[in-house]
1. In the range 3-196, with Lys and Arg counted as +1 and Asp and Glu as -1 at Cβ, which of these residues, Met100, Gln188, Gly64, has the Cα nearest the positive end of the dipole, that is, farthest along it?
2. Could you estimate the translational diffusion coefficient of the range 69-173 from the Stokes-Einstein equation, with Rh from the Kirkwood formula over C-alpha pairs, at 37 °C and 0.692 mPa s, in whole µm²/s?
3. Find how much the distance from Lys92 to Lys62 grows on full extension, using 0.36 nm per residue of separation minus their present alpha carbon separation; answer in nm with one decimal.
4. Of Tyr137, Tyr84, Ser124, which is farthest along the charge dipole of the range 3-196 in the positive direction, counting Lys and Arg as +1 and Asp and Glu as -1 at C-beta?
5. Calculate, for Gln138 and Glu187, the FRET efficiency according to 1/(1 + (r/R0)^6) with r their C-beta to C-beta distance and R0 45 Å; round to the nearest 0.05.
6. Between beta-carbons, use under 12 Å as the cut-off and find the net charge around Cys40, counting Lys and Arg +1, Asp and Glu -1.
7. Once neighbouring chains are kept in place and the probe is 1.4 Å, which whole percent of the accessible area of the range 21-107 is contributed by carbon and sulfur?
8. With +1 on each Lys and Arg Cβ and -1 on each Asp and Glu Cβ, and nothing else charged, work out how big the dipole of the range 70-197 is about its Cα centre, in Debye to the nearest 20.
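The values are calculated or read from the model by the stated rules, or taken from the named source; none is laboratory data. Bear in mind that the values here come from a model prediction, so they are computed numbers and not experimental data. Cβ coordinates were reconstructed from backbone atoms using ideal geometry, including for glycine residues, and neighbour counts include every protein chain displayed. These accessible areas exclude ligands, DNA and RNA; they are computed on the full protein's heavy atoms, side chains included. Shrake-Rupley method; radii C 1.70, N 1.55, O 1.52, S 1.80 Å.
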Amino acid sequence: MQRLQQLSDQVELVFSDIGQRYAQYQRDRGLFCRSGCGECCLHPGIEATVLEMLPLAFELIKEGKAESTLDALAAHDKPGCFFYSRHSEDGKQGQCSVYMKRPGICRLFGAAGYNGREGEVQLSVCKNIKADYPQAYQDSLIALESDPPPMIRNGKEQIRQIDYELGGMNFPINEAMEQALQKVLFEQYYLGLADAE
Ligand code: SF4
């Protein structure tokens, strides 16, 4: 099997674990994402590694959309993620068009932990969730020690451990997608040549 396909399969296994744990924390604490909200996908600073884009790259190739996606990515000039489908004028309402294959960083959005300056655990919660569930947010802060949130850096590290070369560097999400597609297409082309010999 191709090396990148093997890595992609491993990444998907980790995604499944991460997705369940981080979503479970949000459910348990009552910190729910606003229905139809896609504000985090509009953020111009979303970064991902090439490694976590591999499952989506293989899916696009399977669907015959690799070349058209590369062309569209090159022409994309809106802020935020290329795969975000806007449902409102201001873009705040919308949805992910590749939800099942979205990268790892998108599975950590919402509510999760990070370390503050002194190494203390802090809670990262989206401003809309804070506004919608102020009591649940306060309760979650009080329960930081007894019910600690899953840490963002642990989720990222779980993915990175699969391959430090492809998982070690972050790029703007659309650029990470472009690189993942190019790498998979190149590997497939190279293996095709080897098979033909
Ligand atoms: S891949 Fe999907 S969830 Fe992630 S930023 Fe893009 S649109 Fe949002």
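1. Met100
2. Answer from the Stokes-Einstein relation: 200 µm²/s.
3. In short, 7.8 nm is gained.
4. After comparing all options, I get Tyr137.
5. FRET efficiency, Gln138 to Glu187: 0.35.
6. Taking every other residue near Cys40 into account, the sum is +4.
7. Its accessible area is 51 percent carbon and sulfur atoms.
8. 380
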